[in-house]
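The values are calculated or read from the model by the stated rules, or taken from the named source; none is laboratory data. Worth saying up front: this structure is predicted, and the values here are computed from it rather than measured. Using ideal geometry, Cβ is built from the backbone for each residue, glycine included, and neighbour counts are taken over all protein chains shown.
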Amino acid sequence: MRTTIEEINENEIFYNRERDASGNMTEEAYGKAVPRKVQLVTGWTRFGHYIIDALIIGVLLIGAELVMIDTLNLGYYMGYDLNGVSYSLIPTIDNIVITVGYYFICEKTMQRTIGKFATNSVVINEYAEPPENRSLLGRSFSRLVPLEAFSCLSDRGWHDRWSKTYVVRTNERDTLKRLLNEQQSVFISDNPSILD
């Protein structure tokens, strides 16, 4: 079974403080493996990603609706009246397709959206690798849940938890990969039966 990024341990130095026979305080250092906390991108930074991506999605939606109305002559079928006000469900379907498509395509091809480029952040799975298509689709559809964007103000957003993904800076991803490789090589070298 592979080690996940939440199972990475780091050696830390602790000190035992005791009084010696003369009553002087002494410190004895010792090392101990402790779980390493993944350094996630959280809070207002994540909300900033959302704002940038929402603006881009808005522009894409306007463009898509203009193309469908003008080029494809779908204004009548989409329920537009003379004032250009929509009262049909097709723009909602457009919103779903464009939102899910935007997030899925960006995170599949670049491991991040345009909003995440601003903070040099990427989406990873529990092994510090690019997530699988199934996780990315689940992540993209999860964003359609009302008020879901506000869940990113905590440690991990709902779409992160539900899809078992993480948003970290690129240097944290690289550190996690290195630590996982080091722990994997230590595990292999400490087990002589694997080498036989």
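Which is farther than 30 Å from residue 164 by Cα, modelled with pLDDT of 85 or more and part of a helix (DSSP H, G or I), of 56, 62, 52, 69?
The unique qualifying residue is 62.
Out of the residues in segment 131-140 that are in contact (Cβ under 8 Å) with a residue 12 or more places away in the chain and either in a helix (DSSP H, G or I) or in contact with a Pro (Cβ under 9 Å, 6 or more places away or on another chain) (or both), which is surrounded by the fewest Cβ atoms within 10 Å (Cβ to Cβ)?
Restricting to residues being in contact (Cβ under 8 Å) with a residue 12 or more places away in the chain and either in a helix (DSSP H, G or I) or in contact with a Pro (Cβ under 9 Å, 6 or more places away or on another chain) (or both), the top hit is 133.
Return yes when residue 43 is among the small types (Gly, Ala, Ser) and modelled with pLDDT of 85 or more and no when it is not.
Details: among the small types (Gly, Ala, Ser): yes; modelled with pLDDT of 85 or more: yes.
Yes.
Looking at (1) farther than 15 Å from residue 168 by Cβ; (2) among the small types (Gly, Ala, Ser); (3) buried (at least 19 other Cβ atoms within 10 Å of the Cβ), find the lone condition where residue 128 falls short.
All conditions are met except number (1).
Would you call residue 137 at pLDDT 95 or above and not acidic (Asp, Glu)? I'd like the intermediate steps shown before the answer.
Working: at pLDDT 95 or above: yes; not acidic (Asp, Glu): yes.
The answer is yes for residue 137.
Any residue at all in segment 78-90 that's more than 30 Å from residue 171 (Cβ to Cβ) and either modelled with pLDDT of 85 or more or part of a helix (DSSP H, G or I) (or both)?
As a first pass, look at segment 78-90 and keep what is more than 30 Å from residue 171 (Cβ to Cβ): 78-90.
Among the residues that remain, those that are also either modelled with pLDDT of 85 or more or part of a helix (DSSP H, G or I) (or both) are: 78, 90.
For segment 78-90, residues more than 30 Å from residue 171 (Cβ to Cβ) and either modelled with pLDDT of 85 or more or part of a helix (DSSP H, G or I) (or both): present.
Name the single residue, out of those in segment 141-176 being among the small types (Gly, Ala, Ser) and modelled with pLDDT of 90 or more, that is surrounded by the fewest Cβ atoms within 10 Å (Cβ to Cβ). Working first, answer last.
Of segment 141-176, the ones among the small types (Gly, Ala, Ser) are 142, 149, 151, 154, 157, 163.
In the following step, the residues that additionally are modelled with pLDDT of 90 or more were identified as 142, 163.
Values: 142: 19, 163: 22.
Filtering segment 141-176 for residues that are among the small types (Gly, Ala, Ser) and modelled with pLDDT of 90 or more, the one surrounded by the fewest Cβ atoms within 10 Å (Cβ to Cβ) comes out as 142.
If I filter segment 1-14 for residues that are polar (S, T, N, Q) and at pLDDT 90 or above, do I get at least one hit?
Yes, some residue in segment 1-14 is polar (S, T, N, Q) and at pLDDT 90 or above.
Looking at this structure, is residue 109 surrounded by fewer than 17 Cβ atoms within 10 Å (Cβ to Cβ) and among the polar types (S, T, N, Q)?
It is true that residue 109 is surrounded by fewer than 17 Cβ atoms within 10 Å (Cβ to Cβ) and among the polar types (S, T, N, Q).
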